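Here is the structure we will look at.
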Amino acid sequence: MPRITILETGLVSPKNRDIHGSYPQMFEHLIGAADASVTFDTVSIPAGEPLPDVEGLEAILITGSAAGVYDAFDWIAPLEAFVRTAHDKKVPMVGVCFGHQLIAQALGGTVRKSEKGWGIGRHVYDVAPGNGLIEGTRIALACSHQDQVITPPPGARTILSSDFTPHAGLLYAGDTTLSVQPHPEFSVGFALACCEVVRSKGDAPDSVVIPAEASLAEPLESARLGGAITRFLTRSA
């Protein structure tokens, strides 16, 4: 059975965790729907659990987080070193949102808070033709972020893009590392909860939050990206 090690880099609030689950639980549901044979281990960085030995891992998934990859947390540099080792050893690895940004930064890209502000709600991304992973020409997904990959690492190919997020999905040199900015693991309910958090903190004006909430009445294509991520992480199993 394929086994994926999930690195939890952020915590869902207790209120929302009771309703929607933790980030690892969201990914287990997403990936399990695509392949019920997959099993999971979770390493919780916020809980102080140590990073595992890359040598013993079949596949790696790095979750989202409220942290910024440029923040001065003492666990950022070791996680970047872990990413570089996994990438060099060609262990299948996927990063989502914070994970996307962390992998890009670790491998030589540039990440910063975007002057475009918050991206929340349902966004539609162009899919690069012939990418070999994600079918179709466009895909609609939930997102929740201010930070963006501004410059991809050398050798990385942009496979998802939009006007708001030009480098929303990256396939890295060697084709064993993939990262995406949007959240295929988010349910509509949790995406709406993220909009409410942004509103309650005053991080974005109603002119951003209200259309974002309304956009989530339209269908999300999370399962399509979830299937692509599952195949990417399990193809060598």
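The values are calculated or read from the model by the stated rules, or taken from the named source; none is laboratory data. None of these values were measured; they are calculated from a predicted model. Backbone-built Cβ (ideal geometry, glycine too); neighbour counts: all protein chains shown. In case anyone asks, the SASA skips ligands and DNA or RNA and just uses the protein heavy atoms, side chains included. Shrake-Rupley method; radii C 1.70, N 1.55, O 1.52, S 1.80 Å.
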Item to complete: Identify, from the list 204, 173, 193, the residue that is surrounded by fewer than 24 Cβ atoms within 10 Å (Cβ to Cβ) and either without any contact (Cβ under 8 Å) to a residue 12 or more places away in the chain or out of contact with any strand residue (DSSP E or B) (no Cβ under 9 Å at 6 or more places or on another chain) (or both).
Response: 193
Practice prompt. For the stretch 169-180, indicate whether the set of residues that are assigned to a helix (DSSP H, G or I) and among the hydrophobic types (A, V, I, L, M, F, W, C) is non-empty.
Written response: no
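Determine, yes or no, whether residue 223 is touching a residue at least 24 places away in the same chain (Cβ under 8 Å), open to solvent by 20 Å² or more (accessible area, probe 1.4 Å) and either in contact with a Ser or Thr (Cβ under 6 Å, 6 or more places away or on another chain) or not in a loop (DSSP other than H, G, I, E, B) (or both).
Details: touching a residue at least 24 places away in the same chain (Cβ under 8 Å): yes; open to solvent by 20 Å² or more (accessible area, probe 1.4 Å): yes; either in contact with a Ser or Thr (Cβ under 6 Å, 6 or more places away or on another chain) or not in a loop (DSSP other than H, G, I, E, B) (or both): yes.
Answer is yes for this residue.
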Worksheet item: Which one of these does residue 231 not meet: (1) of a type in the set (D, E, K, R); (2) buried (at least 19 other Cβ atoms within 10 Å of the Cβ); (3) assigned to a helix (DSSP H, G or I)?
Response: (2)
Fill in: Among (1) part of a loop (DSSP other than H, G, I, E, B); (2) closer than 30 Å to residue 202 by Cα; (3) modelled with pLDDT of 95 or more; (4) aliphatic (A, V, I, L, M), the one test that residue 134 misses
(2)
Discussion item. I'm trying to understand the selection: among the residues of the stretch 103-120, which are under 18 Å from residue 171 (Cβ atoms) and surrounded by 16 or more Cβ atoms within 10 Å (Cβ to Cβ)?
Written reply: 103, 104, 105, 106, 107, 109, 111
Fill in: residue 51 vs. criteria within 20 Å of residue 160 (Cα to Cα), aliphatic (A, V, I, L, M), touching a residue at least 12 places away in the same chain (Cβ under 8 Å) and in contact with a helix residue (DSSP H, G or I) (Cβ under 8 Å, 6 or more places away or on another chain)
no
Practice prompt. Go through the stretch 1-83 and tell me which strands (runs of 3 or more DSSP E), entirely inside it, have 1 or more residues that are surrounded by fewer than 17 Cβ atoms within 10 Å (Cβ to Cβ) and at pLDDT 95 or above.
Written response: 3-8, 39-44
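Hey, among the residues in the stretch 121-131 that are part of a strand (DSSP E or B) and open to solvent by less than 30 Å² (accessible area, probe 1.4 Å), which one's nearest to residue 218 (Cα to Cα)?
121
Among the residues of the stretch 139-165, how many are outside any strand (DSSP E or B) and in contact (Cβ under 8 Å) with a residue 12 or more places away in the chain?
9
Condition first: of a type in the set (Ser, Thr, Tyr) and within 21 Å of residue 175 (Cα to Cα). Now tell me which residues in the stretch 144-158 satisfy that.
151, 158
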Response to the item:
residue 100 passes all but one of the listed conditions (1) assigned to a loop (DSSP other than H, G, I, E, B); (2) open to solvent by less than 10 Å² (accessible area, probe 1.4 Å); the exception is number (1)
